[in-house]
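Have a look at the structure below before the remarks.
The values are calculated or read from the model by the stated rules, or taken from the named source; none is laboratory data. If you're wondering where the values come from, they're calculated on a predicted model, not measured in any experiment. Quick reminder, even Gly has a Cβ in these numbers, built from the backbone with ideal geometry, and neighbours come from all protein chains shown.
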Amino acid sequence: MTHVRNASYNKAFNRREILKNLRREPLSRAELSRKTGLTRAAISILTDELLAEGVIRESELRADPAVGRAPVLLTVVPERYYGVGVSVERERVEIGVSDFSGAIVKRRACKLKSTAEQTLIAAAKVAQALLHALSVPADRVLGVGVSAPGPLNDHTGVILSPPSFPGWQNVPVCDILRRETGLRTMLDNDANAMALYRYLQGASGSENFLFLLVDSGVGSGIVVGGRLLRAGEGFTTELGHTSIHYRGPRCACGGRGCLECYASIPAILARHPQFESWQALMRSDACDTAVRQEAEYLLTGVRNLRRIVSVDTLLLSGGIAESADRLIAEMERQLRSESAQYPSEPLRIVASPLLAGDRISAAANLVFSDFLGIA
Ligand SMILES: [Zn+2]
């Protein structure tokens, strides 16, 4: 029986690998075989099944004069599955419907009501109205993905105590949205949701990376071996709340000398009070000092992480990524000058600024991360 269970587990895993790759780009069977490591025969059987189920389809032929014969490309069927996204932000809540390709096909923002529960009930009504307007059959909706500021518990689906967010303490978000929509609901913090979204897009360029959201705080999403790393018991990983100085300032989390106390944008500006923003600081003479300090702080945190898990890529996001060229160049310079006492893979650092629509896409894509077994 174990053998049968393993075989069915492997098959489900391989189907998800195929879909994960096809969501990023149309591929031929030969390309799928190369990317997944599965044999051509296995690809043939699994893609035939997915074609019969209407989850993927054969796309137009791609002319390739070098090959002589154009291979048939496979692509996911966008309208086969849908996910609802709810992005809870401090100023508003945004609701969107994503098709299986990851594209948001309809979205709407909703003002915060006087209580969190009233806001979520209103968001659920908007979600149902959007699905109705799109005439999406109920059996094609995989669920609701909610991204919110942490700390939160993703097992219980409860937002715990986000700073500067009055009225959103201990809110059972998933219970409320499940009750109001009848849909499976999952919750994660914004950094994890963004990390998973970048991974599903193929934008991380790696199966082992750190997504660092440096803004009013320092959020982190860590993907190792193509799966999101979790801290256990429903708690998210928080690189921003690991200490880089044991006698450092007291942090809002209760710890001392957390990375966030030094590397968040408010912490940088507290050291350079004559500037109103990171961008203004980057245009000034104080830029070199600020960049050197920030690179030291961030790399201390990243180095601590890399002593525990192997990540080869850092996606730098949030407000700091909007003017990050000099910071990244300085981080690369500091990395090159490190002693090779603990040789490790080179770290690739890439700016990954938040674009309009990223937050709602990331929330909706939590549903597909769950479906594809990477969350
Ligand atoms: Zn802290």
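List the number of the failed condition for residue 224; all other conditions in (1) surrounded by 21 or more Cβ atoms within 10 Å (Cβ to Cβ); (2) within 16 Å of the chain's Cα centre (by Cα) hold.
(1)
Got a sec? Which helices (runs of 4 or more DSSP H) wholly within region 211-287 have at least 1 residues that are closer than 26 Å to residue 310 by Cβ, acidic (Asp, Glu) and within 12 Å of the ligand (Cβ to nearest atom)?
Here the list reads 259-263.
Being closer than 21 Å to residue 301 by Cβ and of a type in the set (A, V, I, L, M) is the filter here, so list the residues in region 171-223 that pass it.
Answer for region 171-223, where residues must be closer than 21 Å to residue 301 by Cβ and of a type in the set (A, V, I, L, M): 191, 193, 194, 195, 196, 210, 212, 213, 214, 218, 222, 223.
I'd like the full set of residues that are loosely packed, with under 14 Cβ neighbours inside 10 Å and not in a loop (DSSP other than H, G, I, E, B), limited to region 110-124. Before the answer, list the steps.
Taking region 110-124 and keeping what is loosely packed, with under 14 Cβ neighbours inside 10 Å, we get 111, 114-115, 118.
Correct list: 111, 118.
Yes or no: residue 316 at pLDDT 95 or above and not in a helix (DSSP H, G or I)?
yes
Has region 173-181 got any residue that is outside the structural domain of residue 311 (by TED's automatic domain parsing), part of a strand (DSSP E or B) and farther than 26 Å from residue 345 by Cβ?
Checking region 173-181: not a single residue is outside the structural domain of residue 311 (by TED's automatic domain parsing), part of a strand (DSSP E or B) and farther than 26 Å from residue 345 by Cβ.
Within region 144-155, does at least one residue satisfy the condition of being within 15 Å of the ligand (Cβ to nearest atom) and either surrounded by fewer than 18 Cβ atoms within 10 Å (Cβ to Cβ) or at pLDDT 95 or above (or both)? Give the steps one after another, and end with the answer.
First, the residues of region 144-155 that are within 15 Å of the ligand (Cβ to nearest atom): 149-151.
Of the ones still in play, those that are also either surrounded by fewer than 18 Cβ atoms within 10 Å (Cβ to Cβ) or at pLDDT 95 or above (or both) are 151.
Yes: region 144-155 contains one or more residues that are within 15 Å of the ligand (Cβ to nearest atom) and either surrounded by fewer than 18 Cβ atoms within 10 Å (Cβ to Cβ) or at pLDDT 95 or above (or both).
Considering only residues that are among the basic types (Lys, Arg) and under 25 Å from the mean Cα position of the chain (by Cα), look in region 327-375 and name the one that is farthest from residue 88 (Cα to Cα).
Only one residue fits best here, namely 348.
If you check every pair at least six apart or on different chains, which have Cβ atoms under 8 Å apart with a residue in region 256-270 that is under 11 Å from residue 297 (Cβ atoms) first and a residue that is within 11 Å of the ligand (Cβ to nearest atom) and acidic (Asp, Glu) second?
That search, which allows pairs on different chains as well, returns 267/260.
Residue under question is residue 302, and the condition is that it be outside any loop (DSSP other than H, G, I, E, B), within 21 Å of the chain's Cα centre (by Cα), in contact (Cβ under 8 Å) with a residue 60 or more places away in the chain and not assigned by TED's automatic domain parsing to the domain that holds residue 162; does it hold?
yes
If I filter region 243-256 for residues that are of a type outside the set (Phe, Trp, Tyr), in contact with a Pro (Cβ under 8 Å, 6 or more places away or on another chain) and at pLDDT 95 or above, do I get at least one hit?
yes
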